[in-house]
Every structure is written in structure tokens, then in C-alpha cells.
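One structure is given here, and the rest of the page talks about it.
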Amino acid sequence: MFRSYPGRALVWVLQIVFVAGFLSAVISVGGVFVLMRDIGLFSDNNQALKVIQQYRTPDNSVVFDKNGEKIGEFFTNYQVYVPYREIPADLIKALLAIEDRNFFYHKGFDPKGLMRAVVNYLRSGHADQGASTLTQQVVRHFLLTKERSMARKVQEIILSLKLEKTMPKERILEIYVNTMFLGNGSYGVGSAAQRYFGKPISQLRTHELALIAGLFQSPSRYNPTKFPERAKKRQRLVLKAMKNAGYLTESKTKQLLEAPLIYTEYVPLNTAVAPYFLDYIKAETEKITSRLEISTLGRGLRIYTSLDTALNTLATDTIKNEDARLDAVGKSMAQGVRPDGSPVSRIEASMLVVDPNSGDVLAMVGGRDYGKSQYNRTTQSMRSPGSTFKPVVYSLALSKESKWNDIVYVSPIMVGNYRPKGSKSDFLSETTLYRAFYKSMNTPAVELGEKLGLPNVLEHAKQLGVQSPLKNEVGTLLGGSDVNMFDMARMYSTFAAEGNQTELQSITRIEDRSGRILYQAKPLEKRKVSIMRPEIAYLMTEGMRGVLKHGTGAQSSHLAPFAVGKTGTSNEAADNWFCGYTPDLVAVVWVGTDDHSAMPGDSAGGTLALPIWDRFMSEAIKTRKSRSFRRPSGIVSAIVHPQYGTKSRSGVEMFFLQGTEPTESASSLEQIPTEGNYRGIFGHH
Amino acid sequence: MKAFNFQKIFDKRHHIFFKLVLLAAFPSCSFNKYSETQKSPVAKASEDKDYDALDLDLNSTAPLHPTRGQPPVKQTLTEGSRPNCEKMAKRVPVGYRNLLAHRNPSLRIPENSVINRIAAITPDHCLDPARANDTTRLLIEAVSNFSPKIVVLLPLTGANGAQGKAVYDGIRSRMGMTGIKPEQVIFRDTNSKDSFSENWIAEAVFLHQAGLIIGGLTRGEEIMLRTYANQLYLPTLLLAPPLRENSLSSPYVFNVFPNEMAMNEALLTKATGRGVKRVGVLLPSGRNDSDLVQSFLEMAKQKGMSITGPFTYEPGTYDSMERAASQIFKTNRGERSREYQEALKKAKDKAAAEGKPFDPRFVILKPIVDVDAVFIPDNFKTIRYFAKIFKYLGVEKMTMLGNQEWRATPLIQPYEPYLEGSMFSDYIGYYNELPHTFRPFAGDNKKFLMGLYAGTFDLKSIGLQAFQIASNAIRIPTQKRYQLVNTLRLLGSGPEDITRAPSVFDRFNRFNWPAYVFEITNKDIFLRR
């Protein structure tokens, strides 16, 4: 029981107040302690800051063509690194004016700036000045979440203060301008300049830089392509802030406010110039970098390639210009439906252009429209080459005992159980090898191949650059084994380069962004090997000239003085090829469908692929130094009857190894069509 | 000038060189063993037994235009006899009238010419005893008088101009060597037309009184010359194949031409020697009834061979040639449809099992090979194609038999192994074994001649041989034109004749043209002797 006395209640009250106050103090101290712990006041922030300190501004890997022109970039985030020294002064001014006017004076946190921003906001209702310093934004971007809380704010301030102690202002600014998302998939001012104005940041004018600076606050809200009015309004705000900050005069500001903002529609470079080539280069680069144990993305690699952009554009446009014709053919294909009811694939076309002497891949068009199909038919597609394979057989034959004027009796043949298709109109027509070649007759090629021995032909094909595995079947002699366009480019390059084969290359050099060479292609002399005698290569060149002059490519005879080539058509015209060359340029063209659909009846390499090759080559040779095929010594020509192989004034020009040219000027064969018989003396009666 | 008989100096020595030199120097000289006063046996026989060749059967009803295979006609030409008068009156005036009608108007015959009188004769004249003798004498005179001239009728222009030209070249190449004066040889171009031929025959008879006619290179000319030779008792060297039957179409017609029957005989003999007993026959269209084919079939049967075919084909038409070959080897789907359907199904199933596309072109019936050889009388080019077609049909090996049309370099170049062991007949052996005057200039290749030359060489040889015979005959002194027939029949062969037979002609007036057989072996052709 408690005794009662006067003031006892007061004592009790005081005691309670004291205890409560004590407890409150303890709790408060504990709370502050917890708060300070939470914001990392007691933790080692240095470790976290290392992320920023050691941050290496990512950079796209850039691909250049053979002239050093940029043709594409590889990236995860689209970033165009701009070193501090290259950041335009007006951009810095604009940024400071709108985001952090005291950037170069505060220690990472700017109470005055904060107050000014609050006052400005209360006064104008517009956040025309940033409340956070640039340093705070960097810290927030790298280390913190987007949570809006006092603790996070305190933490941000503490880390900013710490960061400023360890990193120069310029570097913080450099990181800031290069890493912030600025809309349209761009990160940093360099990429934003490209995306919105289609030019490097160094070429932007002040009013354009002001727009870029305005994006930092809310790139989505002020996206100029989506919301041009908002973007303009924001730009005006930035310019006014610059004026208020004393960076611009009144008149200059007025002038800049009126300057029009002209945006370029964003066309991704990667799909604009040589999309198929870039895909190929990316894959090739990854092969190289994996060997070097470095990554391709974000490394800012400088990839120098062999691409001739002008030729690639020409090739792309040439195929594009065939759209109507190819679509018309497509429409005629069984109403676009296959026998099983499924729709026929769209007719596709692809072209690969290489320099036979350097091995450079100059142009690569993997399909008619990259937007519709990214499937690269020059590298990924394995197709039957048809008669474009025949030069393998003929070149081997000519390197043995055969001559262009050797006679073949064209008739159906059976090899084992194989009966190659032949044109009935050719049957019972004796012909020279030359004529059989330029008319692309099948049975003579099979006979020749049989005579040479299939294994020898396959080995020869390998030597000529056909790296795809070939079937050990007679059908291979007529191009029945699938190859890719690189195989054909290597083969035809060997003929074009006088029997020398140069390893094809598309990447000539890879540097890191500091200019250090990471990869260098082998020098030419180490990539070049002699495959056949120049005389034999020349004989083949002249054989292929015959294709254009008299044969399946005669519709392009106007090119025969400068270029040569061979048509090819696989079964049911599913594949239509033309492979041809000048002394400096090899162009391989393929036309077909991805599902191997049969083409309409009159389709062939000569009707589908050759027109593309023709238009391309006709333009390409205009831009290149004219050069004729060099005739090696020991090669002679003669005017020879194309069917009977004898010298004939009305014949065609054929080429021979010296000493093997025909000497006879009459053939018994000639008499039969002329006289109707041969030694048929009893026939008069 | 009396001809000096050099033969006395070179008695029994047939030294060709001296002959040529002396003939060039003294064209009128003679190499006969006998001088004009000392008649040669041939000349003597011609005079003494000058009716042997004209021993014609008066009872025969021989048509005026004899055709091949006609039985020989016997007739005795005796001056003053009535039967002879009638027989001659039925033939000679008809020939004269025809020639008069078809002569060129510029060839004028005087109204009082004996020719007009002969043309007017009818068999009735022989019935009148008063006129019979005169009539007979007149007729005999008409077929007796001649000048030692040779008229050569050739199609030098027109459709057969090339052939005629080749023959002409052959004759020209021989002319300077025979002792025949240029004016003794008269060339006339028939322009490959029968009407021209008839005109020139008229000229030869009326104007030149030719002793011998050479011609008949085309079918029309051949028939015409046979007719006139028979009607006018006009000795004629016919540049045409002999008749298939062993018969004499007219005693005045002599064939100077290769002999297909002899070639067949030679070929079949060699084939039999190789064990060939079953022969398939493939014929180019239009050759079914040719002498070559018919004689081949007959001779093959005579030798006990079985024949499959003949099957004809259209040369230069692949489907036709394959069809003909299929008939021999019975690969025709229609004839073996059941077997084909089974093979088709099997192939389909196999393709399905292997997941490969089925292609009916790869389904073929195995050939039934029941012949030992196939005879194809066509050119080397067709033969090469048939070799390919046979292979295509699955016939792994087949001996092929043929004729001279095979003989060309492209037969073996490029080499076609399938033809190894195949054989063909020819009327010319190795070129370098021909008499010197015949040998081609390009004598470096004894087996083949270049290009177009091979065909013309054959015709040139025919012309050369014919003229050699004509010049030899005409140079033998003879009293009467019809007596030249006996001269020709008894003519012996010399080193400059193609034939190796003792006499130039056989008993059916056919030149004894030899036959050869070549075999393809070791990538070349070789003569099988």
C-alpha cells in the first residue's frame, strides 16, 4: 500500500516524464543510428563507389568498310562514346544550366541549388532546374534504386560527397553524358545525336544540343520523335535556363529559340548499308574474339572489313530492282501453292561479290529484303549449283589431255543406274567440248567426268575451293551436291586470278578503341596458293566467254569483251545461278525459293540469275579500271568449227595450248549434213 | 604415120615408167604386143568371133528399156538374114528416132543423110525380099561405123554436179597417161537432167560417132544409157552399181562401179569366221529394198545365219533410232509391260524406303540380247550414236557390222571402246596399196582420207578406172563399133587397175571390183585379209 503525501503526484509525473523522455531519447538515438546505418554511414561506401570509379564507358563495336567508312555497329545498348574533351562546350553549358548550375563548385551536393530549384518550382510551377546534382544522378544511376525515400536521398548525398572526393568533376561529367538513357534506344549524348539528328555530337548546333540536354530529365516524356511539341518546349526551357545562367545573350537565345529542329528519321545503320554482311561480320568477329578470349559487345572494337559499300549498294539495288520481275515469276508458280497445299515461298535472290586477287569479300546481299528475311543465303544456304559446277570437270579435263575442239557425240547415257537429264534437242548432235560447255550440255560433262574419274573430279573441286562436302555420286558432276555461294566464289576466283586462289577475307583488322590491333588478317602472300596453271585458267576463262558469246548466257553477249561466266540450273529450276567474273571482280548470283520449290518451265540460270548479274556487272565495270584478261604465253587461238572441231572460217574462236590447236580444215562429219551422206556412192541410184 | 611398136623393145616387160614416158612423147604409139598388121588376140577375136557378144536370142521379147534383173537377150547378127533384119529393125530405128526427136535442134541432120533412112526403117522392110538385104546392111552399118572417140556424159552441174565433177577429175587425171588424144575424149555436162543426157547421146552417135560412152552416174542417166546401148548396139561403160542378180542386162553395158554384193560376201565371211550366227539388222529408212540390204539378207541366210529385223529408223531422229534398237533388244515397255510394271513398283518402293524422290526414267527393262552382231549400213556418225544407244539400253557389248560409210577418222577418234571388234566392208583397201595412179595425194594416212575428200576420192577412182578401161579398149584396133564389146569382155587387168582379177570384167560385164573388210581394234582400224 502506498503512503500519500503532498507533491507526491508531481513526483510521479516527473518520474514518468523522465522515464518517458529517457526512453524516447534512447529510441531516437537508436532510430538515428539505424537510419545512419541504413544509409550506409557506417558501411564501407568505397567498395560501392568502385563501380563508378572503375566504370569504363561502354562503346559500340563499330564496323568499317574498306574505305574506313562506318557501316554498322554491334551493341547491347546503343552507345556512342564521347570522351570529355569531345563533349561540346555548349552541351556542358546546357546541362549545367538545366541540371546542375553549380556542378563545378559544389562537393557533390548543392543545398543552394536545391533551395533554388524548390523556390523556382514553387514560383513557376516548372522544374526548370534540377534538384539533384549531376553527381547525385550518377550515383543514383549506378548504385541506387529509384525508390523515393528520405533514407535513399541521404544515402545519395553521402555517396555523392564521397564520389566527388575520389573522382574529378570532368570524369563524373563524362560518365554522366555517356551513360544516361536518352530515348529511342540511345544511351548517352553521342548515340542520341545519331538517333535524333543523324550526325555525330560534334556536328550538332547549340539549339540541337539544348534539346539533347533537355532529355536527361525524362527521355520518354520528351522524346522528340514521339512528342515533338513537348521536346520543343523542353528545349526552350533549356535555352532559357542557359540565358538565365548567363551562357547565352538575349539575342542569341532568341535566335536559338527560333532555329528549327530538324529530326532525321531514325534508320538503323545496321540495316541500311549492308545488313547481311554485318550479320556475317558479327559472326566472324565472334569467332575471332572467342579465340582472343574477349567479348565483342560494348568493347568498342573497331572492325575493319573488306566491304566495298558502293558495290554492295549496287548489288542491293540491282536485286531490289528485280522485285517486279521476280514477283511476277513467283505469281506464276502454281498460283503460289505447292502440291501439298502449302504456300510457295517467296522467290529470293542473293549475290556475293569478291575480289579474286585479294580475296576480299566486296559485297554480300543475302536476300531481297532484310526486313522480311534475315536469312543470309550467301552464307547459310546450301543449294545445288547445277551447271555452275561444270567448270570443275572441264578444267580438270583441259589440264589433262582434253582440248576445246575434242568431239563429243551427244546422246543419252547411263552411268550405273544414273541417267542424267539432257536436252532432247541436243541428242544426235556431235559437238566440240567448247560448244558442249557453252551450251551447258549435260551428257558430255558426265562422260568427261567419268573418263577423268569421279574421285579425281571431287578432289579437284576441293582444290578449287569447294569446301562443302560433295557426294561421291555421278550426279555431282552436274552440280547435284549442295554448296554455298562462298564455294562458288572461291572456285570462280581461281579462274579469274589465273589459277591462283586467295583465301577469302571479310575482316581485315580489329582494333580496340584505343587503337591497339587485336587481329590482323594474314598478308596476301600467305593467303594465296596456286591451284592450276595459268594457261588452264585462261582456257577456262575463254570457255566461259563462249557462254556469253554463243551459249546459255548469250543474252548478255554485250559483256563478253569484259566479263565471262557460267549459268547453272538445278532440277526443276529450284536453283538458278550465274557465276561470272572480270579480272578483278567475281560475282555469284543465286535465285530460288527457300523451300526448294520448282520454278516455272522456262526458268533457268540464264533467265533468272543472269539478268541480275548482267545489270550489276554492267554498272560495276563502269566504276572500275578497265582491264582485260591476260593471255599467258603458250596460248594460241584458232577459228574452229564449233561442232566438228576443225579449222573453219565460219567457226568460232577457240583457245589452245600451243601445239594442240587443230590443223585439219575439214571433217568427215561435215559431209553428212552437207551431202546427206558419207561415201554413199550407192545412194545416187 | 605408122605407129612404132615399142612393145617389141619392151617385150613382156610391163615397165610402167617407160610406158608413161613414151606415151607422153609419142601419143600414137602402141604398147600392144601386136602391130596393126599383126592383130592382137583380142582384136582377132573381135573380128573372127565378132558375133559372140551379139549372140542374141531373136525369140526374146525384151523391152526397149531394160531394167535390172532382165534375162540376157540372145541374137545373131548375120548380114542379110531375115531374122536379124527384123530384130535389128525393131531396135535400131527406134533408138535413132528417139535420138532424133530429143536432139538439140542445132544439131542438124541433112535430109539425104543415111540416118534419116535408118530412122524410117520398120520391121516390115525386112519382109520385102527386095529390100531386106539393103535394110540389113543399112542397119549393120549404123551400128558398125564409129570413130575412136569416147564420149563422157556426166552431171557436172545441177543436183549431182559434185559427184560428176569428182568422176570428171578422175578421168582428167588419167587422160594424159593413156595415149588417148584430148580430141578423142568428149565431155558433156548432163546438168543432172535426163533430157540433157539424151541430147548428148544423140550428139555422140550422130555427130561424133562415138565408139564408147561413159556415163550413167545418176539413176535416170543409167536407165537411158542402158536403153540406147541396147537399141543401138552401143558399147557403154556404166558408172552404176551392177545388178544384184547374176545376170546380163545388155551385152553392150559394162558396169564400172564398186560391188556391194562382193562387199557383203566378204563381210559375212569374216563375221562367220568370228562365230557370228545371229544377226540383227538396223536400216536407215529408204534402204529396205536396196541391193546392199537384200543381198546381205540373202547371203546371210545362205550362210545359215538367223536374222532379227530388219528394223528401220530415221537417221538423225533419236526417238526413231532408240525405238529401232529397242526392237532388236526387246526393251520396249509395251511388249514387256508386266515385267516393266513390276520393275516400276520395285523402284518406287525402293525410293520410298530410302526417302528419295522416285524417277521413272531410271526404270529400264534389261535388254534381251539374242543376236551376235548388228548390221548397220550407215555412216560412222550414226554408228557412234547407236553404240551409245546400245549402252544406254544396257547392252554391255555388241559387235557391229557395217559398210564403207563407217570409214572415217571420227569413227575411232575420239575412241569409242564399244566399237572394239566391230567390222565393216569397203571397196578400197589401204590407200597406199592402190595402184600408183589411184593413190590420193594425202598418202600419209593409208587408212583415212580427210573430210570431204574421202567421198570424192571414191568417185574419182570410179572415173579413173572407167577411163582406163575405155582408153585401153578404144586403142585396140577394131573394125566395127559393136565389136568393142568383145574387146571389153576380153580385156585383162594390169597393174594400174584396181582389180586384182585376171580380167577386168566378169562374165556378167561387171567390173571385178575387190572388197575388203576392216576391223576396229586397238583404237584403230585394220584390214582383215
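The values are calculated or read from the model by the stated rules, or taken from the named source; none is laboratory data. Quick caveat, the model's predicted, so the values are computed rather than measured. Counting neighbours? That spans all protein chains shown, and the Cβs are built from the backbone with ideal geometry, glycine included.
In segment A:575-662, counting only strands (runs of 3 or more DSSP E) that sit wholly within it, the ones holding 1 or more residues that are free of Cβ contacts under 8 Å to residues at least 24 places away in the same chain and β-branched (V, I, T) span A:635-640.
Run down B:A300, B:A266 and say which single residue is among the aliphatic types (A, V, I, L, M), part of a helix (DSSP H, G or I) and touching a helix residue (DSSP H, G or I) at 6+ places or on another chain (Cβ under 9 Å). So the residue among B:A300, B:A266 that is among the aliphatic types (A, V, I, L, M), part of a helix (DSSP H, G or I) and touching a helix residue (DSSP H, G or I) at 6+ places or on another chain (Cβ under 9 Å) is B:A300. Within segment A:663-685, the set of residues being assigned to a loop (DSSP other than H, G, I, E, B) and either more than 7 Å from chain B (Cβ to nearest Cβ) or in contact with a Lys or Arg (Cβ under 9 Å, 6 or more places away or on another chain) (or both) comprises A:T663, A:E664, A:S665, A:A666, A:G676, A:Y678, A:R679, A:H685.
For segment B:428-449, filtering for residues that are in contact (Cβ under 8 Å) with a residue 40 or more places away in the chain and either out of contact with any helix residue (DSSP H, G or I) (no Cβ under 6 Å at 6 or more places or on another chain) or surrounded by fewer than 19 Cβ atoms within 10 Å (Cβ to Cβ) (or both) leaves 8.
With respect to the conditions (1) touching a strand residue (DSSP E or B) at 6+ places or on another chain (Cβ under 7 Å); (2) part of a loop (DSSP other than H, G, I, E, B); (3) under 30 Å from A:D279 (Cα atoms); (4) polar (S, T, N, Q), A:S440 lacks only one, and its number is (3). Could you tell me whether segment A:520-535 includes any residue that is surrounded by 15 or more Cβ atoms within 10 Å (Cβ to Cβ), among the charged types (D, E, K, R) and closer than 30 Å to A:D59 by Cα? The answer is no; no qualifying residue exists. Criterion applied to B:T382, B:T399 was being more than 20 Å from A:V415 (Cα to Cα), within 11 Å of chain A (Cβ to nearest Cβ) and of a type in the set (V, I, T), and the one residue passing it is B:T382. The set of residues from segment B:200-209 being of a type outside the set (A, V, I, L, M) and surrounded by fewer than 22 Cβ atoms within 10 Å (Cβ to Cβ) comprises B:E203, B:F206, B:H208, B:Q209. Inside segment B:134-149, residues that are assigned to a helix (DSSP H, G or I) and either in contact (Cβ under 8 Å) with a residue 40 or more places away in the chain or on the phi > 0 side of the Ramachandran plot (or both) make up a count of 8. Taking the criterion of being part of a helix (DSSP H, G or I), of a type in the set (G, A, S) and within 14 Å of another protein chain (Cβ to nearest Cβ), the only residue of segment B:198-244 that qualifies is B:G220.
Answer yes or no: is there a residue in segment B:327-344 that is more than 11 Å from chain A (Cβ to nearest Cβ), within 20 Å of B:L401 (Cα to Cα), in contact (Cβ under 8 Å) with a residue 24 or more places away in the chain and exposed (fewer than 14 other Cβ atoms within 10 Å of the Cβ). The answer is no, given that none of the residues of segment B:327-344 is more than 11 Å from chain A (Cβ to nearest Cβ), within 20 Å of B:L401 (Cα to Cα), in contact (Cβ under 8 Å) with a residue 24 or more places away in the chain and exposed (fewer than 14 other Cβ atoms within 10 Å of the Cβ). Pairing each residue of segment B:254-267 that is closer than 13 Å to B:N512 by Cβ with any residue that is of a type in the set (K, R) and not in a helix (DSSP H, G or I), provided the two are 6+ apart or on different chains, yields C-beta distances under 6 Å for B:N255/B:R510.
Each row is one residue, and each column tells you yes or no for (1) under 15 Å from A:T552 (Cβ atoms); (2) buried (at least 24 other Cβ atoms within 10 Å of the Cβ); (3) within 14 Å of chain B (Cβ to nearest Cβ).
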position	(1), (2), (3)
A:S384	no, no, yes
A:T388	yes, yes, no
A:V393	no, yes, no
A:E401	no, no, yes
A:N405	no, yes, yes
A:P412	no, no, yes
A:F427	no, no, yes
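Yes or no: B:A262 within 14 Å of chain A (Cβ to nearest Cβ) and under 24 Å from A:F427 (Cβ atoms)? No.
With the condition kept exactly as written, say whether any residue in segment B:466-479 is within 14 Å of chain A (Cβ to nearest Cβ) and either hydrophobic (A, V, I, L, M, F, W, C) or free of Cβ contacts under 8 Å to residues at least 40 places away in the same chain (or both). The answer is yes, given that some residue of segment B:466-479 is within 14 Å of chain A (Cβ to nearest Cβ) and either hydrophobic (A, V, I, L, M, F, W, C) or free of Cβ contacts under 8 Å to residues at least 40 places away in the same chain (or both). Would you confirm, using the coordinates I've provided, whether A:L204 is within 43 Å of the chain's Cα centre (by Cα), farther than 21 Å from A:P83 by Cα and in contact (Cβ under 8 Å) with a residue 40 or more places away in the chain? Spelling it out, it is not the case that A:L204 is within 43 Å of the chain's Cα centre (by Cα), farther than 21 Å from A:P83 by Cα and in contact (Cβ under 8 Å) with a residue 40 or more places away in the chain.
Of note, A:R513 satisfies the criterion of being surrounded by fewer than 20 Cβ atoms within 10 Å (Cβ to Cβ) and touching a residue at least 12 places away in the same chain (Cβ under 8 Å). In segment A:549-559, the condition of being of a type in the set (K, R) and not in a helix (DSSP H, G or I) is met by no residue. Scanning segment A:181-225 for residues that are more than 30 Å from A:E69 (Cα to Cα) and of a type in the set (D, E, K, R) yields one hit, A:R221.
One residue stands out in segment B:402-415 among those that are polar (S, T, N, Q) and facing chain A (nearest Cβ under 7 Å): the one that is farthest from the chain's Cα centre (by Cα), namely B:T409.
No other residue among B:V293, B:V279 is crowded, with 23+ Cβ neighbours inside 10 Å and either within 14 Å of chain A (Cβ to nearest Cβ) or part of a strand (DSSP E or B) (or both) apart from B:V279.
Picking from residues in segment B:150-182 that are outside any helix (DSSP H, G or I) and of a type in the set (V, I, T), the one that is farthest from the chain's Cα centre (by Cα) is B:I180.
Which residues, counting only those in segment B:304-324, are more than 10 Å from chain A (Cβ to nearest Cβ) and of a type in the set (V, I, T)? Of everything in segment B:304-324, those that are more than 10 Å from chain A (Cβ to nearest Cβ) and of a type in the set (V, I, T) turn out to be B:I307, B:T308, B:T312. For segment B:495-529, filtering for residues that are more than 25 Å from B:A210 (Cα to Cα) and among the small types (G, A, S) leaves 2. Checked against the criterion of being free of Cβ contacts under 8 Å to residues at least 60 places away in the same chain, assigned to a helix (DSSP H, G or I) and out of contact with any Leu (no Cβ under 8 Å at 6 or more places or on another chain), segment A:88-105 has at least one qualifying residue.
Going by what's in this entry, would B:K366 be described as basic (K, R) and within 11 Å of another protein chain (Cβ to nearest Cβ)? Taking the combined requirement at face value, the residue does not satisfy it.
Assessment of segment A:227-243 against the conditions (surrounded by 14 or more Cβ atoms within 10 Å (Cβ to Cβ) and part of a loop (DSSP other than H, G, I, E, B)) yields at least one matching residue. Of the residues making up segment A:380-430, those that are among the hydroxyl-bearing types (S, T, Y) and either modelled with pLDDT of 95 or more or outside any strand (DSSP E or B) (or both) are A:S381, A:S384, A:S387, A:T388, A:Y394, A:S395, A:S399, A:S402, A:S411, A:S423, A:S425.
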